[in-house]
Amino acid sequence: MTDPRVLLDPTGEMEVAGRQRLARPASLDGLTIGIMDIAKSRGDVFLDRLDEQLSQRGYKVRRYAKPTNTRVAPLALRQRISTEVDVLIEGLSD
């Protein structure tokens, strides 16, 4: 059985590429929160509400969007996110 503390990369490699989870911050205070829409239908509705709730609580929020839900986020977008936010929320829907 796979260790539940290890994330598996679902992008279809021939060998399983495990990644250790990063430690969660003790608090979101003072951090910039990124929200990424992965382009699934109506995911933006949920993410808009999440953005509203976080902003009302005084958190700094930055928004991002993948061009399509069928591919991983482009490298340039991933690099931009990694330099602009401290934590990221990805929105799923179905």
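Every read-out reported here was derived from the displayed coordinates using simple, explicitly stated rules and does not represent laboratory data. Keep in mind that this is a model prediction, so the values were computed, not measured. Neighbour counts are summed over all protein chains in view; Cβ atoms, including those assigned to glycine, are modelled from backbone coordinates with ideal geometry.
So here's what we get for this one:
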read-out	value
Additional length obtainable on full extension of the chain from D29 to R80, 0.36 nm per residue less Cα span	16.2 nm
Mean-position separation - Cα centroids, the range 30-48 and the range 63-94, in angstrom	9 Å
Under Karplus coefficients 6.51, -1.76 and 1.60, residue-wise ³J(HN,Hα) of the range 56-73 in Hz, glycine/proline x	4, 8, x, 7, 7, 10, 10, 10, 9, 8, 7, x, 7, 7, 8, 9, 5, 4
DSSP-loop trypsin sites (Lys or Arg not before Pro) across the range 22-94, with at most 13 other Cβ within 10 angstrom	R42, R57, R71
In sequence order, calculated HN-Hα J values of the range 34-51 (Karplus, 6.51, -1.76, 1.60; Hz; x Gly/Pro)	x, 10, 10, 7, 8, 6, 7, 4, 6, x, 5, 4, 5, 5, 4, 5, 4, 4
HN-Hα J in Hz across the range 76-89 - Karplus 6.51, -1.76, 1.60, θ = phi - 60°, x for Gly and Pro	4, 5, 4, 5, 4, 4, 5, 9, 9, 10, 9, 9, 9, 10
Cα radius of gyration and Dmax for the range 31-94 (Å)	11.5, 33
Amide H within-cut-off set for A65, under 5 Å, with H built and near neighbours excluded	D37
